[in-house]
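Trainee: Below you will find the structure I want to go over with you.
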Amino acid sequence: MGGLLSSPQILTRKVAGQFRVGCKDLMIDGLFMKLYYPADSEVTDITAYPLWLPRPEYAHGLGEYLGQSKQKMDLISATIWPIVVFSHGLGGSRNFYSTYCTSLASHGYVIAAVEHKDHSACWTYNLIEKNGELVEEPIKIKLIEKNDPEEFGMRNQQINQRVSECANALKLLENLNSGVTPEKILIGGNFDWRQFENQLNISTAAIIGHSFGGATSLAASTNFQKSIVLDGWMFPLDANQLETSIKPTLFLNVGDWQWEENLEVMKKILPNNEGNLLLTLNGGGSTESTLCIQAAIELTLAFLENGKDGAQRLKDEKFANFITNEIYGRERFKI
């Protein structure tokens, strides 16, 4: 699903929502993220579009280019915007889910897409001050062989770091809403972050993640009111994290990309909250990619705004021939 949600089909030039979209990178010590937000429609078209792969290092293993939301446009004022923290999957980055994040922002959400520094991003970096200058410290992806006995420990450790980074992103949004700008901005200092003061609805904060990010959203703090898991990868979660995942959650799976062991773990989490819902998209091949994108975005909005009932109602009314409440994987088994 991750590749579909980065498709170049939905950009600022053509989005489903009523708002234009701006974006800006922000790095402070220990946190790197891209913020997508509803943008002032009065800004002219001369603002530059950033690159999906802003540096060649990000291209290793990806090999695509993509334009996305315009940078440095002003936030639309006089409106309180709901917020979402987004967690990428293994090999992803803060830019990887541009279609999805831009689309949500066009419907009036402020999205903080975190670039994790736990060695799960395709590539990222810290900026370290040495001799009065900022020096890059690369953080490369760390791969591990399947069935390696150390894999679970490593992945669970990464989950804990990811959860902390998502909590830091939420705290940063809270501070911006309170009019507190970070004292030391490493990237993004040329942007007026004060415009977010009293503009964010912190009380309805949600967290969304794909694959590894889906597991991150399940393990995240209950300061997040809802979570959405896009083709979640359940392996990194320990028993305590499974038990304490009590936020209302939408599991949105592409059946052909799931497998029995993974789905069995999801089944264990479903009873944790009566507001949980699991939906399976039939197929997921290239011929269905446009419908997958549309369904993922619309179901996300329905769940964020109206919870389980809203997402179920939309599925029944609009996507009944494409989405099922059944749980199945790539071998079409039923559980």
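Trainee: Exactly one condition in (1) part of a helix (DSSP H, G or I); (2) modelled with pLDDT of 90 or more is not met by Ala112; state its number.
Mentor: Tallying (1) part of a helix (DSSP H, G or I); (2) modelled with pLDDT of 90 or more, Ala112 fails exactly one: (1).
Trainee: Just a yes or no: is a residue in the stretch 241-260 in contact with a strand residue (DSSP E or B) (Cβ under 7 Å, 6 or more places away or on another chain), surrounded by fewer than 24 Cβ atoms within 10 Å (Cβ to Cβ), in contact (Cβ under 8 Å) with a residue 60 or more places away in the chain and assigned to a strand (DSSP E or B)?
Mentor: Among the residues of the stretch 241-260, at least one is in contact with a strand residue (DSSP E or B) (Cβ under 7 Å, 6 or more places away or on another chain), surrounded by fewer than 24 Cβ atoms within 10 Å (Cβ to Cβ), in contact (Cβ under 8 Å) with a residue 60 or more places away in the chain and assigned to a strand (DSSP E or B), which makes the answer yes.
Trainee: List the number of the failed condition for Glu183; all other conditions in (1) surrounded by fewer than 22 Cβ atoms within 10 Å (Cβ to Cβ); (2) touching a residue at least 12 places away in the same chain (Cβ under 8 Å); (3) charged (D, E, K, R) hold.
Mentor: Of the numbered conditions (1) surrounded by fewer than 22 Cβ atoms within 10 Å (Cβ to Cβ); (2) touching a residue at least 12 places away in the same chain (Cβ under 8 Å); (3) charged (D, E, K, R), the odd one out for Glu183 is (2).
Trainee: Consider Ser103 against the criteria (1) closer than 16 Å to Gln158 by Cβ; (2) of a type outside the set (A, V, I, L, M, F, W, C); (3) assigned to a helix (DSSP H, G or I): it satisfies all of them except one. Which criterion is unmet?
Mentor: Every listed condition holds for Ser103 apart from (1).
Trainee: A further question on this structure: Are there any pairs with C-beta distances below 7 angstrom linking a residue in the stretch 318-335 that is under 13 Å from Asp256 (Cβ atoms) to a residue that is loosely packed, with under 15 Cβ neighbours inside 10 Å and modelled with pLDDT of 90 or more, with the two at least 6 apart or on different chains, and if so which?
Mentor: Gly329/Trp259; Gly329/Glu260; Arg330/Trp259; Phe333/Glu260
Trainee: Between a residue in the stretch 298-314 that is on the phi > 0 side of the Ramachandran plot and any residue that is of a type in the set (D, E, K, R) and crowded, with 20+ Cβ neighbours inside 10 Å, which pairs come within a Cβ distance under 8 Å, given they are 6 or more apart or on different chains?
Mentor: Gly307/Lys226
Trainee: Got a number for residues in the stretch 115-158 being loosely packed, with under 11 Cβ neighbours inside 10 Å, part of a strand (DSSP E or B) and at pLDDT below 95?
Mentor: Final tally of qualifying residues: 2.
Trainee: Among the residues of the stretch 93-145, what is the count of those that are touching a Ser or Thr at 6+ places or on another chain (Cβ under 7 Å) and basic (Lys, Arg)?
Mentor: 1
Trainee: Only one residue in Ile297, Ile327, Ile228 is β-branched (Val, Ile, Thr) and assigned to a loop (DSSP other than H, G, I, E, B). Which one? Explain how you work it out, then say what you get.
Mentor: Numbers: Ile297 fails: assigned to a loop (DSSP other than H, G, I, E, B); Ile228 fails: assigned to a loop (DSSP other than H, G, I, E, B).
Within the list Ile297, Ile327, Ile228, the selection yields Ile327.
Trainee: Another question, then. Find all pairs meeting these conditions: Cβ atoms under 7 angstrom apart; at least six residues apart or on different chains; first residue within the stretch 154-167 and in contact (Cβ under 8 Å) with a residue 40 or more places away in the chain; second residue part of a helix (DSSP H, G or I).
Mentor: Note: pairs meeting the criteria are Ile159/Ala215; Ile159/Thr216; Ile159/Ala219; Arg162/Thr216; Val163/Thr216; Val163/Ala219; Cys166/Thr216.
Trainee: If you scan the stretch 217-258, which residues turn out to be among the polar types (S, T, N, Q) and at pLDDT 95 or above?
Mentor: Matches in the stretch 217-258: Ser217, Asn223, Gln225, Ser227, Asn240, Gln241, Thr244, Ser245, Thr249, Asn253.
Trainee: Same structure again: Within the stretch 220-231, track down each residue that is touching a helix residue (DSSP H, G or I) at 6+ places or on another chain (Cβ under 8 Å) and either closer than 14 Å to Thr300 by Cβ or surrounded by fewer than 24 Cβ atoms within 10 Å (Cβ to Cβ) (or both). Reasoning before the result, please.
Mentor: Pass one, the stretch 220-231, residues touching a helix residue (DSSP H, G or I) at 6+ places or on another chain (Cβ under 8 Å): 220-221, 223-224, 226-231.
Selection gives Ser221, Asn223, Phe224, Lys226, Ser227, Ile228, Val229, Leu230, Asp231.
The values are calculated or read from the model by the stated rules, or taken from the named source; none is laboratory data. For clarity, every value in this text was computed on a predicted model and none was experimentally measured. Glycine also receives a Cβ, built like all others from the backbone with ideal geometry; neighbour counts cover every protein chain displayed.
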